[in-house]
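These notes concern the structure reproduced below.
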Amino acid sequence: MRANRISRARTRAAVGLSVAALAAGATTGAGPAAAQPKTARAAAADCSAAYKIEQKLAGGTTWRMCWRYDSKAGLVLENVSYQPKGETKPIKVLNSARLAQIDVPYDDGSVEYDDLTGFGFAQGLVNLAPGECPGGTIKTIRVPDAWDPQHADVKGLCTTTRSRGHAYRMQGNSANKVYQAQGKDLLVYTVNQVGWYEYMTEWRFQDDGTVNMNVGATGSLSYNDYDAGDGRGWPLGKGAKAYATSHSHNVFWRLDFGLDGSSKTKVEQYDSAVTAPARGQEAPTNKTTRTKVTKELAGDAKTYRWWRVVSATGKNKDDHARSYEIVPGPTTRYPGRSFTKHDVYFTEYNKCEQFASNNPGNCPAGAGKSVDTWVNGQTLTHPIVWMNVGFHHIPRDEDQQPMPIHWQGFAIAPRDVTAMNPLTPDELAWQNGHWRPRS
């Protein structure tokens, strides 16, 4: 078993190195990123065209942002702003957004991988074929600390648009007119190979202001991992001889909000309590309570619980504070590590706190290496949001070969960013608040 553990870890690292080097070698042109410093950080107002993403969607919404590529986190999006129809200037949403870790423990206890900080996630960026980015543009990325410095330029960043179906549909009291619109998203993504897995890191910016963050895992199951037993693996192939080892993917994101251009955002938690019907009532009652989160928090998602990040400076045209609601996706919370035991963390900004586990930053001695250790009672004046979404992968026959992509992620949704639905048709724009039908 000891030799098997060593073999598995070495194989994972070696495969990641060789495949990424071959992928990088397929790109011969330097591309637009080549002239930029490896660690360039650009603000939205002054980033060069090569590092700027700007897309006006069919509904009138424009998303703007800058991008850079980090030697461990991979793609980083910065200075993200949203300008829906009717707003005279962009509304800043995020200072930065990126992955913060992919922790992969195997069910048999033999190995655990920290794919971002320990296994070359960023260096595993692969080239994308034109057909993988339909109707869009593939940008070239110069990969910092590339395994093959002679071929560090990879055509690996796709920006395109994609339909998502109905944005809304309203027939109202009359069949004379149906109001409907088909939603459009700006899609930004990369693919990074780590061992046998290929991770698709996807960012979807919707025309209604919602942002979806997802990681999809595909590629192949490692042939070295068919050594599990009942309860820790699943038989694949003929009979029940080879058991592919089950494992977890614990994905973390790090969001630094800058609503309306200020990092001094506020965090609020909402909980609703349902009680049985009182005498004379037809239905149960439901009361929602707001709790201001003023100190660092390790939070757990529960039924009827949600959080929002609130602008300290900006209001919409109805004089309501702008905010973004955190919308968790399906998750399997992993209880095996202290940093994976909670769904969301709110910490005070600290430059050295960059990765949710095995953090390599130059934090002071004793500061801790994982996000759970940073929740120590500090007052939140510049909160950082760390989102943890888990997936327990029990292999199945259909996972071979290649393995169908499985997704995990979450979203942030605008709450009072605009006074009305930003996709509202002009003829319904008067129906704001407590309206009455026109005679």
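The values are calculated or read from the model by the stated rules, or taken from the named source; none is laboratory data. Everything numeric in this text was worked out from a predicted model, so none of it was measured. Using ideal geometry, Cβ is built from the backbone for each residue, glycine included, and neighbour counts are taken over all protein chains shown. Just the protein is used for accessible areas: all its heavy atoms, side chains included, with ligands, DNA and RNA removed. Shrake-Rupley method; radii C 1.70, N 1.55, O 1.52, S 1.80 Å.
Exactly one residue out of Leu423, Leu380 is in contact with a Lys or Arg (Cβ under 7 Å, 6 or more places away or on another chain), aliphatic (A, V, I, L, M) and either surrounded by 15 or more Cβ atoms within 10 Å (Cβ to Cβ) or farther than 28 Å from Thr218 by Cβ (or both): that is Leu380.
Whether a residue is part of a helix (DSSP H, G or I), of a type outside the set (Ser, Thr, Tyr) and within 19 Å of the chain's Cα centre (by Cα) was assessed, and Phe346 does not pass this test. In the set (1) of a type outside the set (D, E, K, R); (2) within 20 Å of Val104 (Cβ to Cβ); (3) open to solvent by less than 40 Å² (accessible area, probe 1.4 Å); (4) out of contact with any helix residue (DSSP H, G or I) (no Cβ under 9 Å at 6 or more places or on another chain), the condition left unmet by Ile412 is number (2).
A quick yes/no check of all residues on (1) over 24 Å from Leu77 (Cβ atoms); (2) open to solvent by 80 Å² or more (accessible area, probe 1.4 Å):
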| residue | (1), (2) |
| --- | --- |
| Val251 | no, no |
| Gly258 | no, no |
| Ser262 | no, no |
| Thr265 | no, no |
| Ala273 | yes, no |
| Ala283 | yes, no |
| Arg290 | yes, yes |
| Ala298 | yes, no |
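Could you name every one of the strands (runs of 3 or more DSSP E) located completely within the range 273-328 that has at least 3 residues being β-branched (Val, Ile, Thr)? It would help to see each step written out before you state the result.
Details: elements: 285-293, 297-299, 305-315, 321-328.
Correct list: 285-293, 305-315.
Which fully enclosed strands (runs of 3 or more DSSP E) of the range 63-154 have 3 or more residues being surrounded by 20 or more Cβ atoms within 10 Å (Cβ to Cβ) and of a type in the set (S, T, N, Q)? Before you say what the answer is, go through the steps one by one.
On the way: elements: 74-83, 91-105, 112-114, 137-142.
Filter on the range 63-154 gives 91-105.
Of everything in the range 296-324, what is touching a strand residue (DSSP E or B) at 6+ places or on another chain (Cβ under 8 Å), under 25 Å from Gly433 (Cα atoms) and of a type in the set (Lys, Arg)? Give them in sequence order. Selection gives Arg308, Lys315, Arg322.
Counting residues in the range 358-369 that are touching a strand residue (DSSP E or B) at 6+ places or on another chain (Cβ under 8 Å) and either open to solvent by 40 Å² or more (accessible area, probe 1.4 Å) or in a loop (DSSP other than H, G, I, E, B) (or both) gives one or more.
Looking for whichever is in contact with a Pro (Cβ under 9 Å, 6 or more places away or on another chain) and modelled with pLDDT of 95 or more here; the options are Val389, Val375, Val385, Val371. Which one fits?
That would be Val389, the only listed residue that is in contact with a Pro (Cβ under 9 Å, 6 or more places away or on another chain) and modelled with pLDDT of 95 or more.
Looking at Gly237, Gly156, Gly216 in this structure, which one is under 17 Å from the mean Cα position of the chain (by Cα) and farther than 30 Å from Ala419 by Cβ? Sole residue among the options that is under 17 Å from the mean Cα position of the chain (by Cα) and farther than 30 Å from Ala419 by Cβ: Gly216.
Determine whether the range 416-432 contains at least one residue that is under 20 Å from the mean Cα position of the chain (by Cα) and either under 30 Å from Ala240 (Cβ atoms) or not basic (Lys, Arg) (or both).
To start, the set of residues in the range 416-432 that are under 20 Å from the mean Cα position of the chain (by Cα) comprises none.
No: zero hits.
Out of the residues in the range 194-238 that are outside any strand (DSSP E or B) and among the small types (Gly, Ala, Ser), which is most open to solvent (accessible area, probe 1.4 Å)? Across the range 194-238, the extreme among qualifying residues is Gly231.
Taking residues in the range 243-254 that are over 11 Å from His392 (Cα atoms) and without any contact (Cβ under 8 Å) to a residue 24 or more places away in the chain, and partners anywhere that are open to solvent by 10 Å² or more (accessible area, probe 1.4 Å) and among the aromatic types (Phe, Trp, Tyr), the pairs with Cβ atoms closer than 9 Å and at least 6 places apart or on different chains are Tyr243/Tyr226; Tyr243/Trp234.
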